[in-house]
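Heads up: the structure comes next, in structure tokens.
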Amino acid sequence: MTHTAPVPSPTDLLLVEPDPAEAELAVRLLRGRVAVARDGEEALRAVDALEPRVVLLCPRLPRIDGFGVLERLRGEPRHRMLPVVMLTSDPEPAAVARALALGANSVVRKPVRFEELRAALTEVEAYWLDRHVTA
């Protein structure tokens, strides 16, 4: 009898969020198959291993910040077209401009209130998974 390794399930979203409570809440609100990375190095490994359809990226990360992750992803030919949405609690104009200049597809303010967070994540998911990205 031959034993084969299980085929990994496809990942719709890679959420890169260092705060465990915020990550858990976001995962519960998102409908798709979600993987979570807690820092920039873990995010880069997860993108290579899981090949997510979309990356939701926090700019403030340990080890390599979100801008560094974005810059590295855009420097790799196989990841240049990967949709990356920067999720930030405080979208300062300079940070938004920097994220877009580095190749983020969009920057979304991460609301503090639960219902607003649900609405923002639902909109991101609907746009990037349902309407924009083909399977």
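Here are a few things to note about the model shown:
- Student exercise, the chain dipole from Lys, Arg, Asp, Glu Cβ charges, in Debye to nearest 20: 260
- Per residue of the chain, the DSSP helices (runs of n ≥ 4 H) give a summed -39500 (n - 2.57) that works out to -11500 deg cm²/dmol at 222 nm.
- Point-to-point label distance, residue 122-residue 71, nm (Cα→Cβ direction, 7 Å offset): 3.8
- Options (i) 13, 49, 36, 3; (ii) 12, 46, 33, 6, 2, 0, 0; (iii) 11, 31, 25, 18, 11, 4, 1 - which one matches P(r) over Cα pairs in 10 Å bins from 0, in percent as calculated here: (ii)
- 3J(HN,Hα) along region 14-27: 10, 9, 10, 9, x, 7, x, 5, 5, 5, 4, 4, 4, 4 Hz, from the Karplus curve 6.51 cos²θ - 1.76 cosθ + 1.60 with θ = phi - 60°, whole Hz, x for Gly and Pro.
- Across region 45-53, rounded Karplus estimates of 3J(HN,Hα) from the backbone phi angles (6.51 cos²θ - 1.76 cosθ + 1.60, θ = phi - 60°) give 5, 5, 4, 5, 6, 9, 6, x, 7 Hz, Gly and Pro being marked x.
- Placing R0 at 41 angstrom, the Cβ-Cβ distance between residue 31 and residue 81 gives a FRET efficiency of 0.95 after rounding to 0.05.
- Its relative contact order, with pairs defined as Cα atoms under 8 Å and 6+ residues apart, puts the chain at 21 percent.
- In terms of the mean number of neighbouring beta-carbon atoms within 10 Å, the peptides 43-56, 102-115, 66-79 order highest first as 43-56, 66-79, 102-115.
A short reminder: the numbers here are calculations on the coordinates, not readings from a lab. Values in this document were obtained by computation on a predicted structure and should not be read as measured data. Cβ: placed from backbone, ideal geometry, glycine included. Neighbour counts: every protein chain shown.
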